[in-house]
Structures are given as C-alpha cells and as structure tokens.
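Read the structure below first, then the notes.
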Amino acid sequence: MNAGHSNTALTRSRATAVLESPRMSDPEPDFSFVLASASPRRRELLALTGWTADVRPAQADEQPLPGENADGMARRLSQAKAQSVAERSPAGSLVLAADTVVALDSAILGKPADVGEARAMLEVLRGREHEVITGLSLLVAGDSWEAHDACRTSVPMRNYTANEADAYVRSGAALDKAGAYGIQDRGFDPVDMDRMSGCFANVMGLPLCHLVRLMRRRGIAASADIPAACQAHTHYVCSLHPQILGADA
C-alpha cells in the first residue's frame, strides 16, 4: 500500500470513528416520490434520506449541444429527464432527476463507449484535477411547480499506474460511469482523498445536501440527519454541509 492509500485509509477510519448512525425522527411525509434514474449509486444514496421512491428511468440524448458547457449540460439534462418522467407519472407525484457531467478543462467526458475509450479517459485524468457537476431537478407531475439546483466538485485524481487502470477497466466497473470511474470504487480508489475537499456524494451522482435544500423549497423535511448519514456511508468527513443547509445542519 502506498502513502496515498495509507492516508486515505486513515481518513476513512477517522470518519467512521467520529460519525454516528443517522438520527431518525418524524415519520416519512405522505407524498409520492419518483426517481427518474436507473443509477444504482443514486438509489443507494437516496436510501440514506429516509425517503422511498418509485424508480422510473428517464431516456435522454446525453450528448452536449454545440457550444454547451458542462454546467449547462447537467442542468439541461436533469430538467429534460424530470419532465419526461413527470409526463408519465401520476398527477401530484414529486419527480427527481439528476445528471452528472465530468469535465476536464473544456472537454466533457461522458460514459465510455468501450474499454478502449475507458482506458483513454483514465489516462487523461490520471494525476490531474477535473470538475464534476450534477444538475438536480424537482418537478410536480401535472403542476407548474419546479425547482432546480446544481453542485460542483473539484476532483483530484491520484497518479495510479497503467496496470491499475487496466485492471479496473477489465473489471467492467468503468463502463457505466461518466469519466470512466467511480469515486466509491474501493480497490482502485482513483481519487486522491488527501486532497479532496468537495462533495463526495456529488461525484457519486446525487449531492444529498442539495437535494435536501430543494425538498425544503417544497416544504418537505428529511426524517434523517442526512449529513451524518452521508458521511457514515461514504467514510468521508465533509465540511460543506453547514454552508449548504445552514449553520444548524
């Protein structure tokens, strides 16, 4: 194990030691929630909130428009996905959609088409810092109410070897992820966690505190202590949640 891996393990150990299980209080509000995504990572993170959702994947062309930047693409696609699923959901359903975009300089890195493209993406990301943007959209089916948000995270990648990247690609784990990696994928551990300071859940695909902020705009509060639940789940100590949710979060 190299020094980077050792420090990462220590950080996770400390996170586990200082964080408690999520605190549950009031029962789940009475509303119908729909998640417009087939992503297992988003379902995994959403489960931490105490809200349960009917999963209805959205279909959308995930290619950027001419001249479109990563932020604009993430916001546009999250809104398009939410609207698509809202049109086939029961009236009054609360529909959540998210779209996560990986950007290196001005280049947008989507999901790799094959193992060759996955290897190329990991090669260009190795040892460099890039940005991950997730757009969130919350709509009410059959209603004009909607709310939108976005989270941006700078992600420093470690200087993994070509053999490490190749083994990861051959495992199949790279092919269904934007940028060809998952921050949560233990063993490969592509991110330099010693330099990471942004939202871990955002890089996984669902920034939970931003979701809480959106739900509050609809008058819905979570029954779980979501910052604590997220940190316990990811083994990552986050200092951002007071800025997003308020000093009392």
Which members of the range 126-146 meet the condition of being surrounded by fewer than 16 Cβ atoms within 10 Å (Cβ to Cβ) and not hydroxyl-bearing (Ser, Thr, Tyr)? Gly127, Arg128, Glu129, Gly142, Asp143, Trp145
Take the residues in the range 44-54 that are in contact with a strand residue (DSSP E or B) (Cβ under 8 Å, 6 or more places away or on another chain) and exposed (fewer than 15 other Cβ atoms within 10 Å of the Cβ), then tell me which one is farthest from Ser84 (Cα to Cα). Thr52
Total residues in the range 74-103, condition under 27 Å from Leu122 (Cβ atoms), touching a strand residue (DSSP E or B) at 6+ places or on another chain (Cβ under 6 Å) and either of a type in the set (Phe, Trp, Tyr) or touching a residue at least 40 places away in the same chain (Cβ under 8 Å) (or both): 9
Only unsatisfied item for Val140, checking (1) under 22 Å from Thr234 (Cβ atoms); (2) touching a residue at least 12 places away in the same chain (Cβ under 8 Å), is (1)
For Asp176, are the conditions met, namely being part of a loop (DSSP other than H, G, I, E, B), out of contact with any helix residue (DSSP H, G or I) (no Cβ under 7 Å at 6 or more places or on another chain) and not aliphatic (A, V, I, L, M)? yes
Across the range 55-67, what is the number of residues that are at pLDDT 95 or above and over 18 Å from Asp176 (Cβ atoms)? 1
Sort out which residues of the range 214-239 are assigned to a loop (DSSP other than H, G, I, E, B) and either in contact with a helix residue (DSSP H, G or I) (Cβ under 7 Å, 6 or more places away or on another chain) or buried (at least 18 other Cβ atoms within 10 Å of the Cβ) (or both), and write them in order of number. Ala222, Asp225, His235, Tyr236, Val237, Cys238
Counting just the residues of the range 72-123 that are among the polar types (S, T, N, Q) and outside any helix (DSSP H, G or I), which one comes out nearest to Val203 (Cα to Cα)? Thr100
Given (1) closer than 16 Å to Val101 by Cα; (2) at pLDDT 95 or above; (3) of a type outside the set (Phe, Trp, Tyr), where does Val169 come up short, assuming only one miss? (1)
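The values are calculated or read from the model by the stated rules, or taken from the named source; none is laboratory data. Because the structure is predicted, anything quoted here is derived from the model rather than measured. Virtual Cβ from ideal backbone geometry, glycine too; neighbours counted across all protein chains shown.
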